[in-house]
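Reading through the structure tokens given below for one structure.
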Amino acid sequence: MFDNLTDRLKQTLDKVRGKGRLTEDNIKETLREVRMALLEADVALPVARSFIENIREKAVGAEVLSSLTPGQALIKIVNDELIHLMGDQNDSLDLNTTPPATILMAGLQGSGKTTTVAKLARWLREREKKKVMVCSCDVYRPAAIDQLETLARQIQVEFFPSTPDQKPVEIARCATDAAKKNLCDILIIDTAGRLHVDEDMMTEIQQLHQAIDPVETLFVVDSMTGQDAVNTAKAFGDALPLTGVVLTKTDGDARGGAALSVRHVTGKPIKFLGVGEKTDALEPFHPDRIASRILGMGDVLSLVEEIEHKVDKKKAAKLAKKLARGKQFDLEDFRDQLQQIKKMGNLTSLLEKMPGMSQIPDAVKNQVNDKSIMRIEAIINSMTPHERQFPKIINGSRKKRIARGSGVQIQDVNKLLKQFSQMQRMAKKVTGGKSKLKNMMRGLKGQFPSGPGGGMPF
């Protein structure tokens, strides 16, 4: 997400970053390029206009023109305005009510509502330790009920059954009673996809809202529809008392215009981002962290939170002890590390949060993907336990067998073994005190991908 915008803004702001002096003329030129970058990212025109005007007012003031580092001062203003544009701070769910707290999900067909219901239910169960029930009022698409039941089973939350011959209001009322009886903290209700111009369907969801009086009414919208996402969110907001927006499919949206426009145009906060297909691919929306990503500065806080929740701490501690005892890092350990990375979800989304990634060439970043991790795993899985423990015994005939078993070329096996040998040497340095650690960090620069065929093994 934001790839195009990040690239354009980086190029534009790099021109002023090191300038010893800024004038009204070069600020004007910079803001013209920022405005073009926003419009190319599909940001709504009134939003881009307002954003640029706010920056201009602050940038031509004494604070920037008299600053010792005016370029940096201008970048800070852009960062602050991005945060303000997207809502200043994270708007969390308001669940402070007598259980069950009801969340109603609304949106267009195909926006990813049912999957988002499951993602949100899982997030609430795992992060907030809530007992959650889900229910489908989508009586127009029978498969939606079955889909939600399957997802509920996968994520281990309660499911209230419904049938296509029932009325949505009746289903919602029965689900509320069931959630009370089962002592559930939260009830999430999925609804049928509808167009805002369909009066009958909009009347139906208004009646549904009136019947259950939810504490949260979330509008689920596909971020890849760009300005249409903002327009439909506004139309739904006029018909329903929305409390927030969930942007889905952000991992497939390189522009990010919807995220920058929706708060300004609708007045409704973005509460979550859908960042992948899996049920754990949901992130709370933090404007300050997103602004940092847009400006290519990464998002370390979200990365740390991701690691905290998804990395197996026992395995990490076990590996640390093994290395501390002077034992060698082997391919079994490496495979464990790859599996930990896979647990953390979409790799592209993960890389966006790492500081400095905007400076890595696209040709290099494109090598780092989930498929390449799966390919490495396949190579390691084709080895015997003894080979994984002692990679040096892998000779030509063994390499042929491993390549055949994993469906790759012998060169791929050679490349992995060579790069793994470099990683082993670095792992040794980690346990050798501060001076060795410094040398390792210096050495890491040479191991990072430098182009096709080089660098780390994924």
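The values are calculated or read from the model by the stated rules, or taken from the named source; none is laboratory data. These figures come from a predicted structure and were not determined experimentally. A quick note on method: Cβ atoms are made from the backbone with ideal geometry, for glycine too, and the neighbour counts reach across all protein chains shown. When the accessible area is computed, the model is the full protein with side chains, heavy atoms only, and any ligands, DNA or RNA have been set aside. Shrake-Rupley method; radii C 1.70, N 1.55, O 1.52, S 1.80 Å.
Listing for the model above:
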read-out: Some residue of the stretch 176-185 being of a type in the set (A, V, I, L, M) and either free of Cβ contacts under 8 Å to residues at least 40 places away in the same chain or in contact with a helix residue (DSSP H, G or I) (Cβ under 9 Å, 6 or more places away or on another chain) (or both); value: no
read-out: Asp198, sole failed condition from (1) more than 21 Å from the chain's Cα centre (by Cα); (2) open to solvent by less than 30 Å² (accessible area, probe 1.4 Å); value: (2)
read-out: Counted residues, the stretch 148-167 - those being touching a residue at least 24 places away in the same chain (Cβ under 8 Å) and in contact with a strand residue (DSSP E or B) (Cβ under 9 Å, 6 or more places away or on another chain); value: 9
read-out: Filter result for the condition that a residue is modelled with pLDDT of 90 or more and open to solvent by less than 10 Å² (accessible area, probe 1.4 Å), over Val169, Val157, Val117; value: Val117
read-out: Restricting the stretch 396-423 to residues that are in a loop (DSSP other than H, G, I, E, B) and within 14 Å of Met383 (Cα to Cα), the residue that is most open to solvent (accessible area, probe 1.4 Å); value: Gly407
read-out: Enumeration of residues in the stretch 370-395 that are touching a Ser or Thr at 6+ places or on another chain (Cβ under 7 Å) and not in a helix (DSSP H, G or I); value: Ser382
read-out: Conditions (1) out of contact with any Gly (no Cβ under 8 Å at 6 or more places or on another chain); (2) surrounded by fewer than 19 Cβ atoms within 10 Å (Cβ to Cβ): number failed by Ile186; value: (2)
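Let's see how each residue does on (1) in contact with a strand residue (DSSP E or B) (Cβ under 7 Å, 6 or more places away or on another chain); (2) closer than 14 Å to Asp213 by Cα; (3) not charged (D, E, K, R):
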site: Asp91; (1), (2), (3): yes, no, no
site: Met105; (1), (2), (3): yes, yes, yes
site: Leu120; (1), (2), (3): yes, no, yes
site: Glu126; (1), (2), (3): no, no, no
site: Val132; (1), (2), (3): yes, no, yes
